[in-house]
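Undergrad: Got a structure here, written out as structure tokens. Questions coming.
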């Protein structure tokens, strides 16, 4: 084998080994990107639920203000109780999602 043939053989071997490593690295990077995407979606869902809870509590505050202003008991109003039930449901969903986030 001539020197030139040895150099070509060594270069081809190095390129082949490099391609194998590159493919492995790309596979690992893809897997990590997918994991981060899933995690990001969970965190956004948590943020969105917290935003919805905040909006419901704000609405509840407005309803309660109206009731108190009119001199009514808060338990008399179906609107207030409906909002409280919505908030409870959202809080349950939130607790479930927060358990899943690592």
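Quick note: the coordinates plus some simple rules give every number you see, no bench work behind them. Values in this document were obtained by computation on a predicted structure and should not be read as measured data. As a convention, Cβ positions derive from the backbone with ideal geometry for all residues, glycine included, and neighbour counts pool all protein chains shown.
Undergrad: Against the definition (at positive phi, over 16 Å from the mean Cα position of the chain (by Cα) and surrounded by fewer than 11 Cβ atoms within 10 Å (Cβ to Cβ)), how does residue 71 come out, yes or no?
TA: yes
Undergrad: Quick test of your reading of the structure: residue 59 fulfils all but one of (1) under 21 Å from the mean Cα position of the chain (by Cα); (2) surrounded by 13 or more Cβ atoms within 10 Å (Cβ to Cβ). Name the failing condition by number.
TA: (1) is the only condition that residue 59 fails.
Undergrad: Residue 50 passes all but one of (1) touching a residue at least 24 places away in the same chain (Cβ under 8 Å); (2) more than 36 Å from the chain's Cα centre (by Cα); which number fails?
TA: (2)
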